[in-house]
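First comes the structure, then the notes that go with it.
The values are calculated or read from the model by the stated rules, or taken from the named source; none is laboratory data. No experiment lies behind these values; they were computed from the predicted model shown. So basically every Cβ, Gly included, is an ideal-geometry build from the backbone, and we count neighbours across all protein chains shown. Please note that ligands, DNA and RNA were not included when accessible areas were found on the heavy atoms of the full protein model with its side chains. Shrake-Rupley method; radii C 1.70, N 1.55, O 1.52, S 1.80 Å.
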Amino acid sequence: MTPQPAAANTDLPRLPGQPFFHYRNQELWVEDVPVSTLARAHGTPLFIYSQGAMLAALRAYQRGLAGRRALICYAVKANSSLAVLQTFVQAGCGLDIVSGGELSRALRAGADPRRIVFSGVGKTRQDMRFALEVGIGCFNVESRQELDVLHEVASTLGKRAPVSLRVNPDVDARTHPYISTGLKGNKFGIAHDQALAAYRYAAGLSGLEVVGIDCHIGSQITEAAPYLDAMDRILDLATAVEAAGIPLKHIDFGGGLGIDYQGETPPSADDLWAQLLRRLDERGFGDKALMIEPGRSLVGNAGLCITEALYLKHGDQKHFLIVDAAMNDLPRPAMYEAYHAIVPVTLQERPTGVFDVVGPVCESGDWLGRDRTLAVATGDWLAVCSAGAYCMSMSSNYNTRGRAAEVLVAGERVQLIRERETVDDQWRLERPLDLKP
Ligand code: LLP
């Protein structure tokens, strides 16, 4: 990316993801490409990713963990598009997966199976078999019953499954309740006070090889404190497990680091890891191999979703801006009342209004932003910011809307990495009615 001249307009909208997204002469650019060029070429809604932003986010982790035996396993669920996975795999990452489908993607992206960890509370026997056959690096196991099933599946294949137990450390990640996972009331992990017994149990099963310990306390965490608390709890347990004669090769601290959607100030990955490594060293675990599973913090602010303003509608109480992207493309506002900045693609003279930005889907929950002050006219393009994580990967076909197209930008280069889904793509697997009424 070339350095940018200062923009002429001093009153620019707040734009997460700078400097990879920036205004140049009143126009929004992604690295060295104007967004309007991409919207014109590919239509809207359109996801645009900055590969530079992804790699810069990864470098912050790599700096933070430099000199340690550490594997960064990108959490595929955050954005599972093949070209995104390839970007991280080719930059040296392992991957964190939660389904057989994600495993297929990971392999297709060229990941070394030994650098893949398999998380999730509901792995099927079929998924376990698949993962064992390709030689997966580690299963993060979440219950006693899962240990039994995995032991059985591995034994049938004549293999030993490498396992780590996901421990629920019972710490409050202080994030949205739907994305908090490390509290006693959550479905995730094995309760801290049951974990030692579960380790003893696992160590006695011939189809399993205990290799590590794992935790993941939630997502969009914006402070270091919950991580430090979780680390203390996990290290207490690791000490007890090793004292029981069960050696641990690695410790996995999961993902969860938050990003700036609306002015949040999470620690940078290198700053967070400086603090965590200090604690690790103090507690005598400095030599242990580490794994982490970041998702959002690697891709969230590397993506925009471009949408066209279709209609302005002035109601008694509210003004609505109806756009062509919807909750099927960007489900986070509907699901978590999440905030995403929405900014014009071209800054131009327009009457300013306060709008609820909404999609065409037939649900009142289909909103992308509420009470947004925007200078906009129909036909304008808007960018929904921080759309790299948990947007395309959670998209759906609700209202028989095709999934959006995706492009990846690297400097001046552009690649279409996913074509817009057509209605033929959507009903390819459906069969017309044979049973006459
Ligand atoms: N590891 C495990 C076991 C996970 O469950 C998750 C995310 C991650 C790693 C990656 O976490 P991250 O670094 O991305 O925070 N759809 C929600 C987020 C759900 C997170 C689920 N688990 C959202 O849009 O906010």
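Observations, loosely collected:
- Against the criterion of solvent-accessible heavy-atom surface with a 1.4 angstrom probe, Lys187, Lys249 sort, most first, into Lys187, Lys249.
- The lysines whose alpha-carbon is closer than 26 Å to the alpha-carbon of Lys123, local same-chain residues fewer than 8 away aside, are Lys77, Lys159, Lys184, Lys187, Lys249.
- Net dipole in debye of the chain [+1 Lys, Arg Cβ; -1 Asp, Glu Cβ; about Cα centre; nearest 20]: 800 debye
- Ligands, DNA and RNA left out, the 1.4 Å accessible surface of the chain is 49% carbon and sulfur atoms.
- Taking label points 7 Å from Cα along the Cα-to-Cβ direction, Arg174 and Gln26 give a separation of 4.3 nm.
- Each stretch of four or more DSSP H residues adds -39500 (n - 2.57); spread over every residue of the chain, this sum gives -8000 deg cm²/dmol at 222 nm.
- Net charge of neighbours whose Cβ lies under 9 Å from the Cβ of Glu412, counting Lys and Arg as +1 and Asp and Glu as -1: -1
- Cβ-based net charge around Ala198, under 14 Å, with every Lys or Arg adding one and every Asp or Glu removing one: -2
- For the pair Arg350 and Ala41, a Förster radius of 25 Å applied to the C-beta separation gives a FRET efficiency near 0.55, rounded to the nearest 0.05.
- Added length on full extension, which subtracts the Cα-Cα distance from 0.36 nm per residue, Thr378 to Glu133: 82.8 nm
- The smallest convex shape that holds all Cα atoms of the chain, its convex hull, gives 169 Å³ per residue.
- Cβ-derived FRET efficiency at R0 30 Å, Gln262 paired with Arg63, nearest 0.05: 0.70
- Taking trypsin sites (Lys or Arg not before Pro) across region 1-103, the ones in a DSSP loop with at most 12 further Cβ atoms lying within 10 angstrom of their Cβ are Arg14, Arg69.
- Around Gln51: net Lys/Arg minus Asp/Glu count, Cβ-Cβ under 11 Å: 0
- Accessible area per residue, Å², the chain with all protein chains present, probe 1.4 Å: 43 Å²
- Taking only Cα atoms of region 119-294, radius of gyration then Dmax in Å: 16.2, 52
- Within the assembled protein chains, the solvent-accessible surface assigned to Trp367 is about 20 Å², based on a 1.4 Å probe.
- Ranking Met54, Met394 from most to least accessible surface, computed with a 1.4 Å probe over the protein chains only, gives Met394, Met54.
- For the chain, the relative contact order works out to 19 percent when only alpha carbon pairs closer than 8 Å and six or more residues apart are counted.
- A cut-off of 5 Å between modelled amide H atoms, ignoring neighbours fewer than 5 places along the same chain, links Leu368 with Val357, Val358, Gly359.
- Region 204-272: C-alpha gyration tensor shape, a/c 1.5 cut-off, then a/b vs b/c: prolate
- Mean-position separation - Cα centroids, region 104-141 and region 336-366, in angstrom: 39 Å
- Dipole magnitude of region 119-294 about its Cα centre (Cβ charges: Lys, Arg +1; Asp, Glu -1), debye to nearest 20: 620 debye
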